[in-house]
Each structure stands twice: as C-alpha cells, then as structure tokens.
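Novice: Dropping the structure in here first, questions after.
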Amino acid sequence: MRISVNGGGPAGLAFAVFAARSGRDDEITVWDRTGAEDTYGFGVVLPPAVVEVFRDADPALADELSGHVADWDRLTVHRHGRSASIGAPRLGAMDRRTLLRVLRRRCAELGVGLVRGAVSPAGDGYDLVVAADGARSVTRGQRAQAFGTTTRQVGVDYIWLGAGRAFDNLTFLIAETPAGPAVAHVYPYGPDRSTFLVEAQGHPAPDELADWFAGPLGGARLLENRSRWSRFKEVRNSTWSSGNVVLVGDAAHTSHYSIGSGTRLALDDAQALAAALCAQPRLADALAAYEAERRPVVEHTQRVGRLSAEWFADLPDAPVDRLMSDLATRGGRLSWRDLTEGRRAVPIGG
Ligand SMILES: Cc1cc2nc3c(=O)[nH]c(=O)nc-3n(C[C@H](O)[C@H](O)[C@H](O)COP(=O)(O)OP(=O)(O)OC[C@H]3O[C@@H](n4cnc5c(N)ncnc54)[C@H](O)[C@@H]3O)c2cc1C
C-alpha cells in the first residue's frame, strides 16, 4: 500500500514506525509542515507502563524511550504556604522534542520517508491517508461533514510553560490572586526541567506568574516555547474514517490536558491502527476494527477529562489535605481507598 501520513507529531510518527515494523510491504511517507526542532510544548506525560506496552511492537523504540522518561509516584498539593502529599500510581514524562526526535530516527532506520517543512499533499495516488495533523487537522477539515466534527471549549484559560528545575513529582501549586486562585500543574521531565502549565484569570505575563509561584519555584526561571494563553478545545468526530482517510491522535479526539493523556492516546491509536491493517485484509474492515477498539477508551478518557476540567474551574476552598484527596479522585478513576490502601487502579494520566 502507498500510505501518506499527514502530520509528524507523536501519532503520525508512531503510526509510521509501527506500520513499518509490521512486516507488510508498505511505502510510507510522513509529511510535516514544521522544520527541524520547531515544536511547541515542554514535557508530555508518558507513563513507564505505556512504554512497556510498545515493547512487543518495537523493542528498540521501547528501549530508547524508557531511557528518557522521568517518573514519579507521589502527588503533592501546595496552598496557603502548606503542602500535602500522597503516594500515587507510577507516572512519568519526557521532553516532547526528545520523543519526536526518537520517533523520527526510528522512522529513518525503518525506511519511512520523512518530508519536513512541507504541508501534506492532496491524497491522490495514495491507498491510505492517515490524518495525524493535530487538533486543527486540515486533512479532516477537507471532509468535516463526513467526519461529523464538533468542538467545544472546556475549562478555563491556560498557558503552557516550563520551569528550570525538576520538581520531585506531580505537583499542583495554588496561588491566591486578586482575580481568584491560579493553579500551576507541574511535573518533572528531565534532570533540570518541569512542565509548568498555569490556569488563571486575566492572562498575566510569565514574569507575574513567576512572582506568584516564587516560593515553590525556589529561584528557577519560567520558560516559554511558543507559549500563549488559550482555552482548551475538546474535539470529537462521529466517525474516524471516510473513504481512504483515517483520523488518529488529536485529529480524531482531544481530552483535557489536566489528565495528561493526549500523547498516550495518540501513541495507542497509532499502534491499534497499524495492528488492524495487519489483521484485516480489506482496508474498510481494518479502519472499522481500529475505531471499534479505540473509541470506547477515548470516550471514557474524554469524560474523565471533562470532570477534571470542571473540578479545576470551580476549585473548592478547602484545606490542603482535603483538596489533595478531592484532586486525586476527581475523575472517578481512583477512589480515596485505592490511594490510601495502595491499590493499583487505572491512574489519572495513565
Ligand atoms: C497545553 C497543552 C498541554 C498538554 N499537555 C499534555 C501532557 O501533559 N501530556 C500529554 O500526553 N499530552 C499533552 N498535551 C496533548 C499533546 O500535546 C497532544 O495530545 C499530542 O501531541 C497529540 O499528538 P498528535 O500527533 O495527534 O498531534 P500533534 O502533536 O499536534 O502533531 C500534529 C503534527 O502535524 C503537523 N501538521 C499540522 N498541519 C499540517 C499540515 N497541513 N501538513 C503537514 N503537517 C501538519 C504539525 O506540525 C504537528 O507536527 C497537551 C496539549 C496542550 C495543548
């Protein structure tokens, strides 16, 4: 099959790796409009258990990714100068740029064509077009009616920043401001780096945010990378394929960032689609099998994401330990007993 992968983010690159590894004789080209190293964001949540799931499909990829994951197994909340902390299921994160670099290298090793700095062509001449061009997918937009695309704004305004120090674990910092509480969602992804995503009213500048969170930052700088204030948009599609075009990752669905699952969903989609193409000789059957497998997981994650977004938008005015238990159980995937008795439920972000 000739396959055009439109978009070289986690979903598109991982699909190309898994498809190239599957033993079929496909000709795969990945198109990405950005140039080298030009990507947004800082660290993305990638639990170590997820990397292990990829081991069967590509042991070399799993080995390399696992060397870059910073992990943690605690959750901490700071408010009013007090903090509370509790054990949580093991999660991890890695630099988004490193993830993409590793995936691109693996694509090159496996003979996948990579075209950078170019928008993807019209799909003519391809047997399959994989729309992996993100939440605002142009490929999807060309058939928006067929896909039944809907979007809606969820939660409050946020800005995605980094911090120049590694926090110990997943940490929520709450600062009281004249416009109401501001929340920083923080987790480490390298020896001296953390993701530092802030939700606040009034779009304050990063310098002002650094003042609000000066205590926990301990002198570390806040870092920007194409950072701007925006409101999260949840994307849904009533079907994920139309003819020979199939949606993966953010092009198919987004779920609120506060449960840290976007990259994982993108990678899982990629693996499921590559496996379905191997298992089903007819393209239409493969695309239907892929959607049947992934849609229930995605819709559940979107529900949890909405609950989480609503919780942050209406932050309870509670003591820090009560806040922590509320926070840990906000999406309904973990109960307080799961946490205090150390049970392994499906974790938030996992
Ligand atoms: C503020 C914020 C915080 C987030 N935090 C987390 C987190 O903590 N953990 C997590 O797992 N996820 C997080 N995510 C989500 C995560 O970034 C996405 O879910 C994930 O990157 C989806 O991968 P993707 O490949 O589907 O899309 P993208 O990563 O968006 O990649 C799409 C690619 O397509 C390219 N492209 C777009 N249009 C074209 C075109 N016409 N032609 C060619 N190329 C094109 C783009 O350049 C891009 O490289 C966050 C997202 C946001 C916005």
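Novice: Return the whole-Å distance between the Cα centroid of segment 158-191 and the Cα centroid of segment 29-86.
Specialist: First find each Cα centre; the distance between them is then 17 Å.
Novice: Assuming R0 = 30 Å, can you tell me the calculated FRET efficiency for the pair A144 and R74, based on Cβ-Cβ distance, to the nearest 0.05?
Specialist: Efficiency, from the Cβ-Cβ distance: 0.10.
Novice: I would also like to ask the following. For helix 283-313, what angle does its Cα long axis make with the longest principal axis of the chain, in degrees from 0 to 90 and rounded to 10?
Specialist: 10
Novice: If you take the square roots of the eigenvalues of the alpha-carbon gyration tensor of segment 139-203 and sort them as a ≥ b ≥ c, do you get rounded (a/c under 1.5), prolate (a/b over b/c) or oblate?
Specialist: In terms of gyration-tensor shape, oblate.
Novice: Only sites in a loop by DSSP and with at most 15 other Cβ atoms within 10 Å count here; which GluC sites (Glu not before Pro) in segment 30-112 make the cut?
Specialist: Of the GluC sites (Glu not before Pro), the ones in loops of segment 30-112 whose Cβ has at most 15 other Cβ atoms within 10 Å are E37.
Novice: Using helices alone, I'd like the mean residue ellipticity at 222 nm for the chain: each DSSP H run of four-plus residues gives -39500 (n - 2.57), total over residue count, nearest 500.
Specialist: Counting only the DSSP helices, I get -10500 deg cm²/dmol.
Novice: Continuing with this model, one more query. Sort 237-250, 181-194, 73-86, 310-323 for me by packing, meaning the mean count of neighbouring Cβ atoms within 10 Å per residue, highest on top.
Specialist: 237-250, 181-194, 73-86, 310-323
Novice: Using a Debye calculation, one point per C-alpha and no hydration shell, please list log10 I(q)/I(0) for segment 2-340 at q = 0.08, 0.11, 0.15 Å⁻¹ in order.
Specialist: For segment 2-340 at q = 0.08, 0.11, 0.15 Å⁻¹, log10 I(q)/I(0) is -0.38, -0.72, -1.27.
Novice: For segment 1-122, state the average projected area of the convex hull of the C-alpha atoms over all orientations, rounded to one decimal in nm².
Specialist: Mean orientational projected area (segment 1-122, Cα hull): 9.4 nm².
Novice: Helix 262-279 against the longest principal axis of the chain: what's the angle in degrees, Cα atoms only, rounded to the nearest 10?
Specialist: Tilt relative to the chain: about 20 degrees.
Novice: Pairing the Cα long axis of helix 10-21 with the longest principal axis of the chain, what angle in degrees results, from 0 to 90 and rounded to the nearest 10?
Specialist: Approximately 40 degrees, to the nearest 10.
Novice: Determine the share of segment 2-340's accessible area contributed by carbon and sulfur atoms, expressed in whole percent, with a 1.4 angstrom probe.
Specialist: 47
Novice: Here's a follow-up. Where only protein heavy atoms count, and the probe is 1.4 Å, what is the accessible area per residue for the chain in Å²?
Specialist: Using a 1.4 Å probe on heavy atoms only, each residue of the chain averages 42 Å².
Novice: In nm, to one decimal, how far is the H300 label point from the D25 one, both placed 7 Å along Cα→Cβ?
Specialist: With each label point 7 Å from Cα toward Cβ, the separation is 4.0 nm.
Novice: OK, next. For a Förster distance of 25 Å, can you work out the FRET efficiency between the beta-carbons of D207 and Y40, rounded to the nearest 0.05?
Specialist: 0.75
Novice: Here's something else I'd like to know. Under a 5 Å amide H to amide H cut-off, with H placed in plane at 1.01 Å, what residues pair with R193 once short-range neighbours are removed?
Specialist: Correct list: A166.
Novice: Next question. Pairs of Cα atoms under 8 Å, at least six residues apart: use those to get the relative contact order of the chain, whole percent.
Specialist: Over the chain, the number comes to 22 percent.
Novice: Further question on the same structure: What dipole magnitude, in Debye to the nearest 20, does the chain give about its Cα centre under +1 on Lys/Arg Cβ and -1 on Asp/Glu Cβ?
Specialist: Charge dipole of the chain: 260 debye, to the nearest 20.
The values are calculated or read from the model by the stated rules, or taken from the named source; none is laboratory data. This one's a predicted model, so the numbers in the text were calculated from it and none came from an experiment. Cβ sites come from the backbone with ideal geometry, for glycine too, and all protein chains shown count toward neighbours. Remember, those area values only see protein heavy atoms, side chains included, never the ligands or the DNA or RNA. Shrake-Rupley method; radii C 1.70, N 1.55, O 1.52, S 1.80 Å.
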